[in-house]
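Undergrad: Before I ask anything, let me first share the structure, which is written out below as structure tokens.
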Amino acid sequence: MQMESGSSTNLATVASELEPDHRFVLFLMAAETANQRYEEFNEESDLSHSIILYQTALELCPIHHPDRSIILNNLSVALRVRFDKTGEIANRESAIGLGIRLRERFDQTGEMEGLDEAIGYHREQLSKCPVGHPERPIALKSLGIGLRRRFKHTGDKAELDEAIGHY
């Protein structure tokens with residue numbers, strides 16, 4: 001099935017016919033198609049459409065489904081690409097929010113992979129916020145919270161020391 005950029009309404013109709021726990025797959029496939037179009041043609045509308053579709057897939061995906069981490073990762077990459085392309089603070093805020101979502105996912109599932117991904121994402125956000133940047137305090141706090149949670153899970157004192165260093 002080929003998905004065009006303007007087919008969200010058709011997707012919703014088709015998705016309504018699927019089992020509730022499988023509806024997200026249709027939106028994930030459409031998001032990946034829009035993302036491939038963006039990579040091929042570099043049209044910002046395709047990138048924006050892929051972000052909307054990834055967000056919809058995430059909303060529909062059951063919280064403990066194994067594909068949820070794929071959706072979170074792909075959404076985070078798309079948001080990061082959009083921020084890198086536009087430099088708009090709103091895109092950075094969305095990206096930081098995604099790191100927070102990944103951390104919350106760890107809180108719910110206990111899966112270390114989600115927390116590691118969130119910490120990596122927060123480190124990357126921090127690297128893009130030099131001293132004096134208005135978003136640096138948020139990036140520092142988010143990274144510190146993630147490191148503190150990882151310390152509580154692993155007991156590794158180095159994690160706690162790094163977390164304290166970011167507060």
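The values are calculated or read from the model by the stated rules, or taken from the named source; none is laboratory data. These numbers were taken from a predicted model, which means no experiment stands behind them. Heads up, the Cβs are rebuilt from the backbone with ideal geometry, glycines too, and the neighbour counts pull from every protein chain shown.
Undergrad: Just give me the residues in segment 125-153 being assigned to a helix (DSSP H, G or I), in contact (Cβ under 8 Å) with a residue 40 or more places away in the chain and of a type outside the set (A, V, I, L, M, F, W, C), in sequence order.
TA: Result: S142, G146, R149, H153.
Undergrad: Additional query: I'd like to check something: does segment 36-46 contain any residue that is within 25 Å of D21 (Cα to Cα), surrounded by 15 or more Cβ atoms within 10 Å (Cβ to Cβ) and either in contact (Cβ under 8 Å) with a residue 12 or more places away in the chain or not aliphatic (A, V, I, L, M) (or both)?
TA: No; the residues of segment 36-46 include none that is within 25 Å of D21 (Cα to Cα), surrounded by 15 or more Cβ atoms within 10 Å (Cβ to Cβ) and either in contact (Cβ under 8 Å) with a residue 12 or more places away in the chain or not aliphatic (A, V, I, L, M) (or both).
Undergrad: How about segment 74-94: which of its residues are at pLDDT below 75, surrounded by fewer than 20 Cβ atoms within 10 Å (Cβ to Cβ) and not in a loop (DSSP other than H, G, I, E, B)?
TA: I89, A90, N91, E93, S94
Undergrad: Right, next: Which of the residues spanning segment 130-167 are crowded, with 17+ Cβ neighbours inside 10 Å, closer than 27 Å to G87 by Cβ and among the small types (G, A, S)?
TA: A139, S142, G144, G146
Undergrad: Applying the selection to segment 115-129, what residues are at pLDDT 80 or above, touching a helix residue (DSSP H, G or I) at 6+ places or on another chain (Cβ under 7 Å) and either loosely packed, with under 15 Cβ neighbours inside 10 Å or not charged (D, E, K, R) (or both)?
TA: Once the filter is applied, which keeps residues that are at pLDDT 80 or above, touching a helix residue (DSSP H, G or I) at 6+ places or on another chain (Cβ under 7 Å) and either loosely packed, with under 15 Cβ neighbours inside 10 Å or not charged (D, E, K, R) (or both), segment 115-129 yields L115, A118, I119, H122, L126.
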